[in-house]
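There's a structure below that I have some questions on.
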Amino acid sequence: MKKSIALLIGIALILLGTLTRGNWIIGLKLLCAIFLVMLILYWKIAPFKQQLFPKYQKAFGITERIFMRLQNVLGFIPKIQLGQRLQLDTPLIVCIIFTLMILVVL
């Protein structure tokens with residue numbers, strides 16, 4: 001857990017350095033890219049969260065709380081039912097599209 005905290009502090013310092021030098025667009029793009037990778041990993045790992053090792057379950061629990069709050073905010077977007085016990089998680093797709101738009105436009 002200490003390594004992950006050090007990694008987060010390092011990322012925060014890199015982002016702070018890019019933001020203070022006037023290159024705030026680079027910092028925003030880097031932040032969006034990190035968010036996008038986390039979102040896709042969460043999307044792929046969520047169905048198998050009971051099979052994770054305990055040390056990864058803690059990190060996944062933190063990520064899950066973040067994305068559950070995000071899904072609650074985007075709760076007005078309905079999930080699309082594709083079949084029996086199969087649905088498309090539309091709020092996460094909207095987040096991916098929005099993040100990609102930010103990366104492309106800036």
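Give the residues of the range 7-30 that are at pLDDT 70 or above and open to solvent by less than 90 Å² (accessible area, probe 1.4 Å), sorted by residue number.
GLY10, ILE11, ALA12, ILE25, GLY27, LEU28, LYS29, LEU30
Checking LEU103 against (1) more than 16 Å from PRO47 (Cα to Cα); (2) aliphatic (A, V, I, L, M); (3) free of Cβ contacts under 8 Å to residues at least 60 places away in the same chain: exactly one of these is not met. Which one?
That leaves (3) as the condition not met.
Can LYS44 be described as modelled with pLDDT of 80 or more, closer than 18 Å to ILE96 by Cα and surrounded by fewer than 14 Cβ atoms within 10 Å (Cβ to Cβ)?
For LYS44, the condition - modelled with pLDDT of 80 or more, closer than 18 Å to ILE96 by Cα and surrounded by fewer than 14 Cβ atoms within 10 Å (Cβ to Cβ) - is met.
For VAL105, work out the one condition from (1) surrounded by 13 or more Cβ atoms within 10 Å (Cβ to Cβ); (2) more than 21 Å from LEU7 (Cβ to Cβ) it doesn't fulfil.
(1)
Pairs under 9 Å by beta carbon, first residue closer than 18 Å to ILE40 by Cα in the range 57-86, partner assigned to a strand (DSSP E or B) and not aromatic (Phe, Trp, Tyr), six or more apart or different chains?
Note: pairs meeting the criteria are LYS79/GLN87; LYS79/LEU88.
Which of the residues spanning the range 50-102 are open to solvent by 40 Å² or more (accessible area, probe 1.4 Å), part of a loop (DSSP other than H, G, I, E, B) and of a type in the set (A, V, I, L, M)?
Once the filter is applied, which keeps residues that are open to solvent by 40 Å² or more (accessible area, probe 1.4 Å), part of a loop (DSSP other than H, G, I, E, B) and of a type in the set (A, V, I, L, M), the range 50-102 yields only LEU52.
The values are calculated or read from the model by the stated rules, or taken from the named source; none is laboratory data. Because the structure is predicted, anything quoted here is derived from the model rather than measured. Glycine also receives a Cβ, built like all others from the backbone with ideal geometry; neighbour counts cover every protein chain displayed. Protein only, heavy atoms only, side chains kept; ligands, DNA and RNA dropped before computing areas. Shrake-Rupley method; radii C 1.70, N 1.55, O 1.52, S 1.80 Å.
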